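A single structure is presented below for examination.
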Amino acid sequence: MERIDIRVEDLLPHRGRMKLIDEIIELDEEKAVTRATVTDLWPLFDGKTVNPLVLIELVAQTAGISNCWGGIKKHGDKFERKGWLVGVKRCRLLVDAVPLHTSIITRCENQFKLQNYREILGTAWIHSHVVAEVRLQLLQPD
C-alpha cells in the first residue's frame, strides 16, 4: 500500500456528525487503513459510549475511501466521489460498546468486484483486539 497525504474530505462526502474517520493511514485502489477516534458527536453516542453498530459505518467509510481513490486513479477529477452501501452480508461485533475517546483502526479490502458492485471485507481494531468483522456490499456510480 502506498502512503498517501490526502484529506478524508477529498474522498468522502461525509461531514459533521457523519464524518467518522480522522486519518488515512494507508491507501491503494483495493484497500485502505484508517484511524478514527470516538467523540461525543458520533451517531449512537449515549453520553459515555457509542453503540458498536457505528462500526459498520466506519467500515463503509473506509471502504469508500479506497474505492474512491481507485476511481480517481482510473477516471481522474471527473470521477463521482460517492457510492452506496446496499447490504451488510455478514457482521460480527465483538464489543458491547465503544467508550468515548477510543482510537479505532479499520482496514478494508475489496474481495469481489463486478462492474460497479463491490464486496468488501472490513476489520476494526481497538489496540490489538479485533472488535468488528464486516462484509459489505457497495455500489458506485459510473
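Read-outs throughout are calculated quantities, based only on the coordinates presented, and are distinct from any laboratory measurement. Treat the numbers as computed from the prediction; the structure is a model and nothing was measured. Here the Cβ positions follow ideal geometry from the backbone for every residue, glycine too, while neighbour counts run over all protein chains shown.
Report, to the nearest 10°, how far helix 54-75 tilts away from the longest principal axis of the Cα atoms in the chain, using its own Cα long axis and a range of 0 to 90°.
The helix 54-75 is inclined about 20 degrees to the chain.
Starting from the Cα of K73, draw a straight line to each of the lysines and keep only those under 30 Å, dropping any in the same chain fewer than 8 residues away.
In chain and number order, the partners are K19, K31, K82, K89, K113.
Still on this structure: Given the Cα atoms of the chain, and with Rh set as the inverse mean 1/r over their pairs in the Kirkwood sense, what is Rg to Rh to two decimals?
Reported Rg/Rh, Kirkwood definition of Rh: 0.95.
Taking only DSSP H segments of four or more residues, each worth -39500 (n - 2.57), what value at 222 nm results for the chain once the sum is divided by all its residues, to the nearest 500 deg cm²/dmol?
Helix contribution divided over all residues of the chain: -5500 deg cm²/dmol.
Taking R0 as 22 Å, what FRET efficiency do you get between D46 and V130 from their Cβ-Cβ distance, rounded to the nearest 0.05?
0.45
Note down the nm distance, to one decimal, between modelled labels 7 Å out along Cα→Cβ at L53 and at D96.
Result: 1.8 nm between the two label points.
Using packing as a proxy for protection, rank 52-63, 121-132, 98-109 so that the peptide with the highest average count of other Cβ atoms within 10 Å comes first.
Top to bottom by mean Cβ count within 10 Å: 52-63, 98-109, 121-132.
For the chain, what's the relative contact order in percent, using C-alpha pairs closer than 8 Å and at least 6 residues apart?
The normalised contact order for the chain reaches 25 percent.
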